[in-house]
Amino acid sequence: MTPCDQTNSTYRDNRWKALTVLTVVCLMAFPLWLHQAVGKDQAIGFVVIDPGHGGIDPGTRSSTGVDEKTIVLAVAKDMVPLLRHDHIKFVLTRDRDKYVSLSDRVQIANRPGDRLLLSIHCDYFQQRGMEGFTVLYAQGASHDSQVAAHLIAAGLIHEGFNCHDVRMDTRRLEVLDKTNCPAVLVELGFMSDPHDLRYLTSQSGRQKLAAGLVRGLKAYLHVTR
Ligand SMILES: [Zn+2]
C-alpha cells in the first residue's frame, strides 16, 4: 500500500464514518420530523374555548356552594388533552380563576384567522323540572354557527347527556352578538337540578362533558374545513 493509497483509504474510512453518523442522526430525527409533519398536516382548525365568568364574577352558585366559574374552568381544562389529541388548535380565554371582561373575550375571538368561539356556562332555574344542556347561537347567526350548535349538541348526546334545547339566543349575549366568527354558547346543565348538579360537580361527569364538546367541535371542523 503506497502512502497515497493509505491516505485515500483513511479518507474513505473517515467519509464512511461521517456518512454512518449522519445516517444514524437522520434516522433518530426521523420520528420527530414525522410526528411534527403529521401534526401540522392534521391540524383541523382553531377554536377559542371560553370558560365563562371567573375572578370576582362567580356566575351562578349551587345550593351546595359550588360556583359556575369553577365548573366551567374545570371542563375547559379537561378539554385540553382531548383537543391536543385530535390536533385541534385552540386558545383559552382564561386558564385560571381570573376575571376576563366580555369585550376581551370577544376581542380574542375576533383576532384574524378561521376561528370558532365556544363559550361554556351553566344554567340555573328557580323552579324544579328544568334539566339538561342548552346550546345557543346569536340572532341572525351564520349557517356555520347553527351547524356548530347542532354538532356540539350531538356530541353531548353521544356522551349520554340530556338535551334541553338548541336554539337562538334572545338575550343578545355579547359573546355571541359581537363576535365576527361562528360562535356558540353551551349551558352544560342546570345547577338548580340535582341530577345535573351531580354530573357538573363530579370529575367523571366533567370529563364526559369535555369529551362531548370536543367530539362536536371535531365534527364541525371536519364539515367546514
Ligand atoms: Zn354563566
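Only the coordinates and a few stated rules stand behind these numbers; no lab work does. As the structure is a computational prediction, the values presented were derived from the model and not from experiment. Every residue, glycine among them, receives a Cβ derived from its backbone with ideal geometry; neighbour counts consider all protein chains shown.
Work out Dmax and Rg for region 91-166 from the C-alpha atoms and quote the Rg first, both in angstrom.
For region 91-166, the Cα-based Rg and Dmax read 14.5, 43 Å.
Compute the separation of the alpha-carbon centres of region 104-157 and region 165-185 and state it in Å as a whole number.
Using only Cα atoms, the two centres lie 7 Å from each other.
Stokes-Einstein at 4 °C, 1.567 mPa s, Kirkwood radius from Cα pairs: D for region 44-224 in µm² s⁻¹? Please report the intermediate quantities before stating the final value.
Details: Rh = 15.9 Å.
Reported coefficient: 82 µm²/s.
Give me the Kirkwood hydrodynamic radius of region 132-175, using the inverse of the mean 1/r over all pairs of distinct Cα atoms, in Å to one decimal.
The answer is 10.8 Å.
Based on the Cβ-Cβ distance from Asp177 to Val80, what FRET efficiency comes out when R0 is 41 Å, to the nearest 0.05?
0.90
Thr224 to Asp57: extension gain in nm, 0.36 nm per residue of separation minus the Cα-Cα distance?
56.7 nm
Which peptide among 212-219, 89-96, 72-79 comes first, and what is the full order, when sorted by highest mean count of other Cβ atoms within 10 Å?
My ranking of the peptides, most packed first, is 212-219, 72-79, 89-96.
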